[in-house]
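Reading through the C-alpha cells given below for one structure.
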Amino acid sequence: FLDKYNSGEAKALIEEVLRANPRHPRALLADARRLQFDGSGEAIGRAREALEVNPRLVAGRTFVARLLIAAEQYVAAAGEAEAALEINPRSLEALAVLASVRYLQRDPVAFEAVASRALQINPRYGELFRVVAEMAVQTRLYAAAVELARRAVKIDPESWTSYGVLGINQLRIGAIEEGRQNLERAFAGDPFNVWFKNTLDLLDTFERYRTTPSESFDLILEQDRADLLALYIGPLADEALETLASKYGYRPAQRVRVEVFARHADFSVRTVGLAGLGALGVAFGPVVAINAPGAAGLGPFNWGSTLWHEIAHVVTLGVSSSRVPRWLTEGLSVFEERRARPGWGEEPGPGFLTAYLEGKLLPVSRINEGFVRPSYPEQIAHSYLQASLVCELIVQEHGFDAIRRMLAGYAEGKHTPEIVRQVLGLSSRELDDRFEGFLQERYAARLATLRPSVDRRSAHAANPHGGPQPVPIEELERRIREHPDDFVARLQLGIRWYEQQQDEEAIAQLQAARDLFPEHAGQDSAYTYLARIYEQRGDLDHAARELRQMTSYNKAAYQAYAKLAELLVRLGRDGEAANALERAMYIDLSDVVAHERLAALNQASGDWHGAIRERRAVIALDPVDRAQALYLLAVAYRGAGDARAARRAVLEALETAPSYRLAQDLLLELRRNGSRETR
C-alpha cells in the first residue's frame, strides 16, 4: 500500500498487527515507513523502537540510514549501513544505501567499490543506482540523479521504477520530451504507480500553456492568464536574477524555465507526484515551479517574495554545484527575500521566539533535521527562519564574502565542518554557541516580553485544569501589574477592551503590545485593531500609520495593503497610495478595480510606463467595458510618447465600439500629430 501511495490502508493494517503484538519489529518498522510517508518527524524514533526489539533487523538499519542521509548526516548514515552489512554482508539494500553515502561524500572510488561489490552478488541489480539517484534527489543533485538512473535502466531494462526516476528528474532539469518518454515507458510497465500517472496527466495539460520569454527566463504560463502574469513575473524574475547574479558572482549558463501553476494541486504533482504539498515554490536548478498568484487551493500568499526566494535557490545551487546543504540554501533564500522588498521574507515573531524559549529550536549543527524530521508542526517554517538568521550572523560578523567563500567550498567538495572551520574560524559546536548568543543578544527585549506567557504555559502543562478558557479582564490586569512587559497579556487585554467598545482602554493596551513586539503583524495583531479604531474615529492619518507599519512586516496582508491605499488616497497622498497598491500586486493580481486605481495614480504622477502596465492588466482581466479599457491604454501610450502603440490600441477600441466618441477624437488627434511629425 505504501508503494502505491495509500497511507490510510497501510496504517489500518499496521495497527491490526500492533494490536496483536505491540513489539513486532517489522510492524514497528512498517509504521516508521508510514510515518515518513506522512511527513512525521516520529519516523526515526519508531524505527529505533524496532531496532531495540531486534538490533539485527537489517531493513531497520537501512531505513534509519536513509533518514540520516536526508538530514545530510552522512557519517552516521554510513555507520548504520555498515552495521547492517555486518549482520548480512550480502544485503543488496544495505550496499545500495552505503553506496549512496559514499556518492554524497564525494568519494567516487569508494562509491564504485561498493557498487562493484553489489553487482558481484547480483549483476542485474540496477536498483542500486536507482536508490543512489533517489538519495541524490534528496540533496538536490537532480542532474546527477539522471545519470545514475540511466545506469540503473542500462543494467536492468525492466526496472520500471528506475525509468520513472529517470523521467521525473529529466523533467526537473528541463528535458521535457525525454522525461515524458521515459515516464511513459515506466507507466507502461507499472500502470498502478500514482506518481507516474499523475505526472503524465499533468504533462498532458501543458498544451494549455504557452512559453513567454523574458530577458533570462522562459515563462510557462497557462494561456488564459499568460497576458496578465507575464506583465509582472517576467520583470521581477529578471530583476531578481540581475541582483543576485551580481551579488554571488554566478549566472546560469542556460535560460531558466519557470513553470507557473494556477492550481496548487498541479504544482504539487509537478514537485512530488501527489496533491497536497505545503510548499509555494521549488527550484530544481535550471527549472523553477511556483504557484501562480491566487492559485486555486491556497490562501493569500506573496508570490513575488516566493519567486525571489526560488531564484535565489537557482543562484546558490548553481554557484555551489548543487552541493550547498539544505539549511544554507534555504537560509540564504529567506535572507535575500528580506532584502528584496519591505516586508518580504520572515522576521522572528512570537511563535518562533516562544519555540526558542521552550527549547524546541535545534542547534545549527543539527538544523537540517528540522527540515526533514520536524518534531512539532511549525518546525519546518521555524527552520527556514532560523537558517536565515544564521546567515545574518555570518554576514554581521564576517561580511558577505564569507557566504561566497562557503558556497565555493561546497563546490570544491568540502563538507560543512571543514568549511565552517576554514571560513569562520569556528568549530561546529562554537557556531552553535555563537548563534545561541546572537539570538539572546539581538532579541533580548522580545524574549523578555514572552517569558511570562511561556512560564504560564509550562505551569498549566504541569497542573492542567481543563481546556483553555477566556481569561477574565481582572486576571489580565493582574498579570500586567506583575509583568508590565507581558506582550501576550497586553494584546489579549487590548482585544477584550476593543470587543467591549472601550476604545481608550483598548488603545492604551494595543499600543503597548505593538511597541513590545512590532514584528507581530498578523490579522490578530495590535495594528489591525488600532487601525479600525482610528478609522472609526475619523483619524485617517493614525489608521494609515498603523497599516503602513503592519505591512512592513506582513508580506501577505492584501486587505491591509488595499485599505492603506484607500486611506492614503483620502488623505491626498497619492504617491504613497500607489506604492501600497504596487506592493499589493505581489499578493493578488485578480482585482481589476485595484489595477484601475493604480493605473490612475500612476498616470496622475506622470509614471506612464506604470500606467501602461496596469491598463494592460485591466485588459488581460477581460473588463466589462473593453472599449474604454483600450481607450485608456491608448491614452497611457500617448502619454509615454509611443504614438504607434497608442494608434493600435485606439483602433482596437473602435473595432469593439465604432461609435465611441472619445476614441474617435483620440484617433483624429494622433493622426493630426502624425501628419505634423511627417511634415
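Observations
- All told, Ala461 falls short of being among the hydrophobic types (A, V, I, L, M, F, W, C), out of contact with any helix residue (DSSP H, G or I) (no Cβ under 6 Å at 6 or more places or on another chain) and either more than 25 Å from Asp485 (Cα to Cα) or at pLDDT 95 or above (or both).
- Residue within segment 442-450 that is loosely packed, with under 14 Cβ neighbours inside 10 Å, more than 18 Å from Glu392 (Cβ to Cβ) and touching a helix residue (DSSP H, G or I) at 6+ places or on another chain (Cβ under 9 Å) present: no
- Listed by position, the strands (runs of 3 or more DSSP E) inside segment 182-285 whose residues that are at positive phi, surrounded by 17 or more Cβ atoms within 10 Å (Cβ to Cβ) and out of contact with any strand residue (DSSP E or B) (no Cβ under 6 Å at 6 or more places or on another chain) number at least 2 form an empty set.
- Single residue of segment 162-176 satisfying the filter (of a type in the set (Val, Ile, Thr) and either in contact (Cβ under 8 Å) with a residue 40 or more places away in the chain or not in a helix (DSSP H, G or I) (or both)) that is farthest from His264 (Cα to Cα): Ile173
- The one condition in (1) open to solvent by 30 Å² or more (accessible area, probe 1.4 Å); (2) over 21 Å from Val314 (Cβ atoms); (3) touching a helix residue (DSSP H, G or I) at 6+ places or on another chain (Cβ under 9 Å) that Ile173 fails to fulfil: (2)
- Arg339 vs. criteria under 26 Å from Ala521 (Cα atoms), open to solvent by 30 Å² or more (accessible area, probe 1.4 Å) and of a type in the set (Lys, Arg): yes
- Residues (open to solvent by 10 Å² or more (accessible area, probe 1.4 Å) and either within 12 Å of Leu662 (Cβ to Cβ) or assigned to a helix (DSSP H, G or I) (or both)) located in segment 630-648: Tyr631, Leu632, Leu633, Val635, Tyr637, Arg638, Gly639, Ala643, Arg644, Arg647, Arg648
- Selection within segment 416-435 - without any contact (Cβ under 8 Å) to a residue 60 or more places away in the chain and open to solvent by 40 Å² or more (accessible area, probe 1.4 Å): Pro417, Glu418, Arg421, Gln422, Gly425, Glu430, Asp433, Arg434
- The residues of segment 1-20 that are assigned to a helix (DSSP H, G or I) and either charged (D, E, K, R) or under 16 Å from Asn198 (Cβ atoms) (or both), listed by number, are Ser7, Glu9, Lys11, Glu15, Glu16, Arg19.
- Taken over segment 568-577, the criterion of being surrounded by fewer than 24 Cβ atoms within 10 Å (Cβ to Cβ) and either basic (Lys, Arg) or in contact with a Leu (Cβ under 9 Å, 6 or more places away or on another chain) (or both) is satisfied by Val569, Arg570, Leu571, Arg573, Asp574, Gly575, Glu576, Ala577.
- Search result, residues across segment 415-431 that are closer than 24 Å to Leu104 by Cα and in a helix (DSSP H, G or I): Thr416, Pro417, Glu418, Ile419, Val420, Arg421, Gln422, Val423, Leu424, Ser428, Arg429, Leu431
- Any hit, segment 217-240, residues being closer than 25 Å to Phe187 by Cβ and of a type in the set (D, E, K, R): yes
- Pair list, Cβ under 9 Å, 6 or more apart: segment 177-204 residue free of Cβ contacts under 8 Å to residues at least 60 places away in the same chain and charged (D, E, K, R), other residue outside any helix (DSSP H, G or I) and open to solvent by 20 Å² or more (accessible area, probe 1.4 Å): Lys197/Pro191
- Filter result (open to solvent by 10 Å² or more (accessible area, probe 1.4 Å) and under 12 Å from the mean Cα position of the chain (by Cα)) within segment 314-336: Glu330
- Considering residues of segment 357-401 that are among the hydrophobic types (A, V, I, L, M, F, W, C), closer than 23 Å to Gln422 by Cβ and crowded, with 16+ Cβ neighbours inside 10 Å only, the residue nearest to the chain's Cα centre (by Cα): Ala387
- Checked against (1) within 21 Å of Ser590 (Cα to Cα); (2) open to solvent by less than 50 Å² (accessible area, probe 1.4 Å), Gly179 passes all but condition (1).
- Within segment 58-69, the set of residues being open to solvent by 20 Å² or more (accessible area, probe 1.4 Å) and of a type in the set (A, V, I, L, M) comprises Val58, Ala59.
- Residues in segment 106-156 that are in contact (Cβ under 8 Å) with a residue 60 or more places away in the chain, open to solvent by 40 Å² or more (accessible area, probe 1.4 Å) and not hydrophobic (A, V, I, L, M, F, W, C): Arg106, Gln138.
- Inter-residue pairs, beta-carbon under 8 Å, first at pLDDT below 95 and in segment 268-291, second open to solvent by 40 Å² or more (accessible area, probe 1.4 Å) and assigned to a strand (DSSP E or B), 6+ apart: Pro286/Arg257
- Output for segment 590-607, where each listed residue is surrounded by 19 or more Cβ atoms within 10 Å (Cβ to Cβ) and in a helix (DSSP H, G or I): Ala594, His595, Arg597, Leu598, Ala599, Leu601, Asn602, Gln603
- Scan of segment 65-99 for residues that are of a type in the set (Asp, Glu) and more than 18 Å from Ala115 (Cβ to Cβ), ordered by number: Glu72, Glu80, Glu86
- Top-ranked residue of segment 608-629 - restricted to ones that are under 30 Å from the mean Cα position of the chain (by Cα) and not aliphatic (A, V, I, L, M), ranked as surrounded by the most Cβ atoms within 10 Å (Cβ to Cβ): Glu614
- Among residues of segment 228-251 that are under 20 Å from Thr211 (Cα atoms), none has a Cβ under 8 angstrom from a residue that is at pLDDT below 95 and assigned to a helix (DSSP H, G or I) at a sequence gap of 6+ or on a separate chain.
The values are calculated or read from the model by the stated rules, or taken from the named source; none is laboratory data. Since the model is a prediction, treat every value here as computed from it, not as a measurement. Note: ideal-geometry Cβ built from the backbone for every residue, glycine included; neighbour counts use all protein chains shown. Surface areas here come from the heavy atoms of the whole protein model, side chains and all, with no ligands, DNA or RNA. Shrake-Rupley method; radii C 1.70, N 1.55, O 1.52, S 1.80 Å.
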